[in-house]
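Single-structure report; data block below.
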Amino acid sequence: MSQRKFLTLTEVSNLMNAARKTQTGVRDSCLILLAFRHGLRISELLNLRFRDLEMIEGRINIRRLKNGFSTVHPLMDDECKAIMEWKQSRARWKPSADPDIIFISQRGTQLSRGQAWRIIRQAGERAGTAINTHPHMLRHACGYELAERGTDTRLLQDYLGHRNIRHTVRYTASNAARFVGIWEWNKRKNG
C-alpha cells in the first residue's frame, strides 16, 4: 500500500501544537494553519505578503501559482489571532526585516522552501505523526477535510484554485461521507 499523501484534521492540529512548543513556534504554527486552511502550495505560502491580508474585513488574497485561479478567502478568528500574534513576535524578532514579508527566518530573510519543509517535517516528528510530513500534505489535508464536510466539488475546485476539475475530484471521490444514508434511501425506495 502506498503512503498516505495527506494529513487528517487531528494530525494537523497535533502538528500545530508540536510546532508551537519550539523557539519559533508562533511563526511555525501560524505557517501550518494558513497552509492548511487555505490549501496553499509551499511557494504560495512563502510568497504571502502582509498587503495580501485584509484583517479588518477578515480576508486573505490568495495568489495561486501553476496557472490556478486566484481568489479571496475569508480569514477565521483563529487565523487572525495567529497572524497578529506572529506579527507582534516578528517585530521583536527582527525589526529590520522587510516589513511586507510574512514568513521570515531568524536572520530576517524570507523563509526558504527548505526551511518550511524542515519546519513541517520536524513538527510531524515531534507530534508523533506516523507518516513523514511535508508541506503539500497540508494542501491535500485541506481538500480532503472540505470534501468530508460535504463541500460541493465545484466550490472546492474554486477554493483550491484548480483550473481542471480532474484535480479536484480526488478529494470528493474518496469521501466516505457521501455514502452515508445510501442504504436508508434504498430501504425507503424498496420498503
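Coordinate-derived values only; no laboratory data. The model shown is predicted, which means the values in this text are computed figures rather than measured ones. Every residue, glycine among them, receives a Cβ derived from its backbone with ideal geometry; neighbour counts consider all protein chains shown.
A few notes on this one:
- Over the C-alpha trace of the stretch 56-139, radius of gyration and Dmax come out as 14.9, 39 angstrom.
- Radius 11 Å from Cβ of Arg163, net charge of other residues (Lys, Arg +1; Asp, Glu -1): +2
- Pairs of lysines in the stretch 9-175 (C-alpha under 26 Å apart; 8 or more residues apart or interchain): 4
- Note on the chain: GNM, Cα springs under 10 Å; of Ile104, Ile165, Ile62, the largest mean-square fluctuation is that of Ile165.
- Each Lys or Arg adds one and each Asp or Glu subtracts one; over the other residues with Cβ under 13 Å from the Cβ of Gly68, this totals +4.
- One Cα centroid belongs to the stretch 93-148, the other to the stretch 9-63; the line between them spans 8 Å.
- Rounded to 10°, Cα long-axis angle of helix 77-93 versus longest principal axis of the chain: 20 degrees
- Once C-alpha pairs closer than 8 Å and six or more residues apart are averaged by separation and normalised to the residue number of the chain, the relative contact order reads 28 percent.
- Cα long-axis angle, helix 9-20 against the chain (0 to 90 degrees, to the nearest 10): 10 degrees
- DSSP beta bridge pairing in the chain, given as percent antiparallel to the nearest 5: 100 percent
- Over the stretch 1-93, relative contact order from alpha-carbon pairs under 8 Å, at least 6 apart, %: 22 percent
- Under 13 Å, Cβ to Cβ, from Ala127 - net charge with Lys/Arg +1 and Asp/Glu -1: +1
- For the stretch 158-167, backbone phi angles converted through the Karplus equation (6.51, -1.76, 1.60; θ = phi - 60°) give residue-by-residue couplings of 5, 4, 8, x, 6, 7, 10, 5, 4, 6 Hz, Gly and Pro being listed as x.
- Residues whose amide H comes within less than 5 Å of that of Arg59, counting only those at least five positions distant or on another chain, are Glu54, Leu75 (H built at 1.01 Å from N in the peptide plane).
- Sequence-ordered 3J(HN,Hα) estimates for the stretch 96-107 from the Karplus curve with 6.51, -1.76 and 1.60 and θ = phi - 60° stand at 7, 5, 3, x, 8, 6, 6, 9, 10, 7, 5, 7 Hz, glycine and proline given as x.
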